[in-house]
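Trainee: Please read through the structure below; I'll follow up with questions.
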Amino acid sequence: MQLLEGEKEQILASVDEVLKNSSKLREDLIPTLQKVQAKLGYLPALAMEKIAEGLNVPAADVYGLVTFYNQFRLNPPGKHQVKVCLGTACYMVGGDITLESFERRMEIREGETSLDRLYSLERVACVGCCTMAPVVVVDEEVEGKVTPTRVDGIMLALQDEEKKSVTEQEPNQGRGEDS
Amino acid sequence: MSEYVTVKIDGQEIKAKPGEKLLWVALDNDIYIPHLCGIRSEERSNASCRLCFVEIEGIPRPVTSCTKTVEDGMVVITRSERVDRLVKTAFELILSDHNLKCRECPANRNCVLQVIAKKRKIKLRHDRFKPIAREYELDDSPAGFAFDRSRCVLCGQCIWADREEAKVGAIGFTKRGINRVVTTFKDLPLAESICTQCMLCVEACPVGALFYKKKEPHTATADKS
Ligand code: SF4
Ligand code: FES
Ligand code: FES
């Protein structure tokens with residue numbers, strides 16, 4: 001993923017700051033990654049490299065750890081974050097198909113972020129409302145019974161919102177979601 | 001502490017150095033125990049291949065011999081119905097995610113999987129677990145060797161060589177569970193990573209995943225077949 005303007009400096013500064021208060025021991029790797037991610041929202045390659053240097057571990061090990069734990073992300077959170085539930089109930093009623101539909105619509109894979117950083121897509125395990133399966137969480141909003149058609153609806157609504165925020169116009173109308 | 005301990009493996013009395021792991025003691029004395037992930041100089045084995053099970057008198061269940069330190073008076077048998085079953089299952093699981101085109105493989109006839117299959121009379125092709133036929137991109141970026149992940153059994157021998165022998169740190173395990181792979185930082189091709197192409201990992205690989213290219217390293221496009 002391409003870094004934004006000024007992002008490089010921000011990454012270096014964040015890592016420096018976290019490393020300043022670190023024991024610089026291998027044991028400190030996970031907390032260090034967590035702190036850097038808390039600052040940046042994700043763990044760009046540059047950050048992993050600098051952390052590896054700082055703690056004197058191979059960058060391959062940092063990468064191994066970041067790809068092992070679900071809590072770490074390799075891609076920046078999108079402006080709109082979609083989380084598809086693949087818990088048991090949701091999976092049973094085709095949550096994977098819902099996920100696939102989002103992948104196709106957003107033209108990214110699960111765990112990725114679109115190049116314009118507008119959308120990111122993740123999978124989660126049980127959100128706690130299995131009766132509404134398959135469940136999707138769109139920017140903190142829980143959506144139930146998300147069939148592929150509904151995916152189209154959600155995406156249209158998000159794109160609409162984007163268009164509006166770009167043109168800054170506010171034609172006074174509802175979100176036109178009925179289908 | 002005495003200079004050695006005495007253990008009995010398959011009825012054979014053996015003197016072993018205290019602190020040694022059972023697996024190596026057995027192998028040193030020509031007693032075969034299948035193994036993929038164990039590394040002799042490693043203090044604590046990953047014990048991830050689950051092939052080196054044995055029965056030890058007084059221990060209710062089979063144990064992995066690569067993690068078990070020899071003790072004086074230990075009585076061990078390397079085969080039992082339970083051991084064979086555990087080993088067969090572990091082996092078949094490994095094979096279900098292994099590219100079985102042996103005839104195309106540079107390690108054919110020189111592959112640890114073939115040895116295990118023969119010694120334990122387990123078929124390489126079985127229908128117990130559905131094969132996971134995955135597509136991996138061949139990494140043939142280094143001059144003298146290549147890496148075909150479809151043959152990798154995730155034993156970790158190459159990573160040990162990279163870290164402890166070559167002292168480079170170019171490769172490691174990434175991801176989790178069924179997606180686990182050996183790769184470089186950022187999944188770069190080996191030649192673009194910090195890999196020094198010392199090829200110690202190729203030496204370490206017990207199967208045909210890391211293999212030498214046949215052609216001379218410097219005749220890049222010599223088209224021989
Ligand atoms: S490449 Fe070879 S040595 Fe490395 S983990 Fe795979 S099978 Fe083992
Ligand atoms: S399994 Fe999806 S909400 Fe419980
Ligand atoms: S050699 Fe013991 S578990 Fe692999």
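Trainee: Quick test for you: out of B:ALA161, B:ALA209, pick the one residue that is open to solvent by less than 10 Å² (accessible area, probe 1.4 Å), within 14 Å of another protein chain (Cβ to nearest Cβ) and in contact (Cβ under 8 Å) with a residue 40 or more places away in the chain.
Mentor: Testing whether each residue is open to solvent by less than 10 Å² (accessible area, probe 1.4 Å), within 14 Å of another protein chain (Cβ to nearest Cβ) and in contact (Cβ under 8 Å) with a residue 40 or more places away in the chain leaves just B:ALA161.
Trainee: Can you tell me which of (1) open to solvent by 40 Å² or more (accessible area, probe 1.4 Å); (2) touching a residue at least 12 places away in the same chain (Cβ under 8 Å) is the one B:LYS15 doesn't meet?
Mentor: All conditions pass for B:LYS15, except number (2).
Trainee: Can you go through B:ARG85, B:ARG44 and tell me which one is assigned to a loop (DSSP other than H, G, I, E, B) and surrounded by fewer than 18 Cβ atoms within 10 Å (Cβ to Cβ)?
Mentor: Working: B:ARG85 fails: assigned to a loop (DSSP other than H, G, I, E, B).
That would be B:ARG44, the only listed residue that is assigned to a loop (DSSP other than H, G, I, E, B) and surrounded by fewer than 18 Cβ atoms within 10 Å (Cβ to Cβ).
Trainee: With respect to B:GLU192, is the statement that it is open to solvent by 70 Å² or more (accessible area, probe 1.4 Å), more than 25 Å from A:LEU74 (Cα to Cα) and modelled with pLDDT of 95 or more true?
Mentor: No, not satisfied.
Trainee: Can I ask one more? Considering each residue of region A:11-33, count those that are free of Cβ contacts under 8 Å to residues at least 12 places away in the same chain and of a type in the set (Lys, Arg), and give that number.
Mentor: Matching residues across region A:11-33 total 1.
Trainee: Which one is farthest from ligand 3 (Cβ to nearest atom), of the residues in region B:41-53 that are free of Cβ contacts under 8 Å to residues at least 40 places away in the same chain and over 12 Å from the mean Cα position of the chain (by Cα)?
Mentor: Going residue by residue through region B:41-53, those that are free of Cβ contacts under 8 Å to residues at least 40 places away in the same chain are B:43-45, B:47, B:52-53.
Within this subset, residues satisfying the condition of being over 12 Å from the mean Cα position of the chain (by Cα) are B:43-44, B:53.
Details: B:GLU43: 14, B:ARG44: 11, B:PHE53: 8 Å.
Looking at the filtered set, the residue picked out is B:GLU43.
Trainee: Checking the condition within 14 Å of chain B (Cβ to nearest Cβ) and either in contact with a helix residue (DSSP H, G or I) (Cβ under 7 Å, 6 or more places away or on another chain) or surrounded by fewer than 12 Cβ atoms within 10 Å (Cβ to Cβ) (or both), which residue from A:LYS50, A:LYS24, A:LYS39, A:LYS35 passes?
Mentor: That would be A:LYS50, the only listed residue that is within 14 Å of chain B (Cβ to nearest Cβ) and either in contact with a helix residue (DSSP H, G or I) (Cβ under 7 Å, 6 or more places away or on another chain) or surrounded by fewer than 12 Cβ atoms within 10 Å (Cβ to Cβ) (or both).
Trainee: Another question, if that's okay. Of the residues B:ASP127, B:ASP139, only one is more than 14 Å from chain A (Cβ to nearest Cβ), of a type in the set (Asp, Glu) and either within 16 Å of ligand 2 (Cβ to nearest atom) or farther than 30 Å from A:TYR63 by Cα (or both); which?
Mentor: One residue alone meets the criteria, B:ASP127.
Trainee: Condition (residue is within 14 Å of chain B (Cβ to nearest Cβ) and away from ligand 2 (no atom under 15 Å from the Cβ)) applied to region A:98-109: is it met by at least one residue?
Mentor: Scanning region A:98-109, I find at least one residue that is within 14 Å of chain B (Cβ to nearest Cβ) and away from ligand 2 (no atom under 15 Å from the Cβ), so the answer is yes.
The values are calculated or read from the model by the stated rules, or taken from the named source; none is laboratory data. Just so you know, these numbers come straight off a predicted model, no measurement behind them. Every residue, glycine as well, gets a Cβ built from its backbone with ideal geometry; the counts of neighbours run over all protein chains shown. Areas reflect the complete protein model, heavy atoms only, side chains present, ligands, DNA and RNA absent. Shrake-Rupley method; radii C 1.70, N 1.55, O 1.52, S 1.80 Å.
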